[in-house]
1. If you go through region 1-47 one residue at a time, how many are modelled with pLDDT under 95 and farther than 15 Å from ALA74 by Cβ?
2. Which count do you get for residues in region 14-55 that are under 10 Å from the mean Cα position of the chain (by Cα) and hydrophobic (A, V, I, L, M, F, W, C)?
3. Please go through region 3-33 and pick out each residue that is open to solvent by less than 80 Å² (accessible area, probe 1.4 Å), out of contact with any Leu (no Cβ under 8 Å at 6 or more places or on another chain) and under 12 Å from LYS55 (Cα atoms).
4. Among THR58, THR24, which is the only one that is out of contact with any helix residue (DSSP H, G or I) (no Cβ under 8 Å at 6 or more places or on another chain), polar (S, T, N, Q) and assigned to a strand (DSSP E or B)?
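The values are calculated or read from the model by the stated rules, or taken from the named source; none is laboratory data. Nothing here was measured: the structure is a model prediction, and the numbers come from that model. In this analysis, Cβ positions are derived from the backbone assuming ideal geometry, glycine residues included, and neighbour counts consider all displayed protein chains. Side chains are part of the model used for accessible areas, which takes the heavy atoms of the whole protein and leaves out ligands, DNA and RNA. Shrake-Rupley method; radii C 1.70, N 1.55, O 1.52, S 1.80 Å.
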Amino acid sequence: MTIKNFAFHPAALTVKAGTTVTWTNQDPEPHTVTSQGQGPLRSATLASGARYPYKFATPGTYKYQCSIHPFMTATVTVTQ
């Protein structure tokens, strides 16, 4: 997953349970990967070039955003 031009790419991703997804910030601005509401995604602030890996163990739909720029949203769907 990339963070570029103030957006998550791809905006919707489907993976199998047990998959580790890694976000890489390719913008010059800092961003976060933060679950919307309750959820497991809670990255630190990612400077340009920084990465955040997360292993999705449980099936479900995970909506997230950048807590600095809340208009940046995306979803990871985890299947069995």
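1. 1
2. Looking only at that region, the number is 4.
3. VAL15, ALA17, GLY18, THR19, THR20, THR22
4. Values: THR58 fails: assigned to a strand (DSSP E or B).
Answer to the selection: THR24.
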